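A.B. asks: There's a structure below that I have some questions on.
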Amino acid sequence: MNHSLFVLFIFINLFLILYYKRQNKSSEKEHLFRVFCIQDQLISEKHKKDKMNDSINNLAELEETTQRKLNAIQLKLEFLHLFSKTNL
């Protein structure tokens, strides 16, 4: 009798362990899914930020190139103006 109660106690404990383990697995899956969604959103935001930074850098580079070209044109115009004054 004592032996059968001990076996029954073991089975009940085993059942409870498996039951709560299953409950924890489902809540763990939900938690992992939420973490995955948050990580995905953070990665998406980082990509947006990187794209914006790339766009800003490209615009700055374009502005610098345009400024150099304008300076070259201005120097050419000044040279032509001086050249036209000396040839008169």
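None of the figures in this text is laboratory data; all of them are computed from the coordinates on show. Just so it is clear, the structure is predicted and the values come from calculations on it, not from any experiment. Don't worry about glycine lacking a Cβ; one is built from the backbone with ideal geometry, like all the others, and counts go over all protein chains shown.
A.B. asks: With each pseudo-label sitting 7 Å past Cα toward Cβ, what's the N24-E64 distance in nm, one decimal?
C.D. replies: Those two pseudo-labels are separated by 5.7 nm.
A.B. asks: A further question follows. Could you list, bin by bin from short to long, the percent of Cα-Cα pairs of the range 38-88 in 10 Å steps?
C.D. replies: Here the calculated profile for the range 38-88 is 22, 23, 17, 15, 12, 8, 4, 1.
A.B. asks: Is there a quick way to get the dipole size of the range 30-88? I mean about its Cα centre, with the Cβ of Lys and Arg at +1 and of Asp and Glu at -1; what is the value in debye to the nearest 20?
C.D. replies: Magnitude of the dipole: close to 300 debye.
A.B. asks: Which one of T66, Y20, L8 has its Cα pushed farthest toward the positive end of the charge dipole of the chain, where Lys and Arg give +1 and Asp and Glu give -1 at the Cβ?
C.D. replies: Positive-end residue among those listed: L8.
A.B. asks: Separate question: Mind putting together the pair-distance distribution for the range 1-85? All Cα pairs, 5 Å bins, whole percent per bin, short to long.
C.D. replies: The calculated distribution, bin by bin, is 3, 11, 7, 8, 6, 6, 6, 5, 6, 5, 5, 5, 4, 4, 3, 3, 3, 2, 2, 2, 1, 1, 1, 0, 0.
A.B. asks: With θ taken as phi - 60° and the coefficients 6.51, -1.76 and 1.60, list the Karplus ³J(HN,Hα) couplings across the range 24-32 in order, rounded to whole Hz; mark glycine and proline as x.
C.D. replies: For the range 24-32, the Karplus-derived couplings read 5, 5, 5, 5, 5, 4, 4, 4, 4 Hz, x marking Gly and Pro.
A.B. asks: Also, quick follow-up: So which lysines can K69 reach, going by Cα to Cα under 29 Å and dropping same-chain residues fewer than 8 places off?
C.D. replies: K51, K85
A.B. asks: Let me ask something additional. Cross-link partners among lysines for K21, C-alpha distance below 16 Å, same-chain residues fewer than 8 apart left out?
C.D. replies: Those lysines meeting the cut-off are K29.
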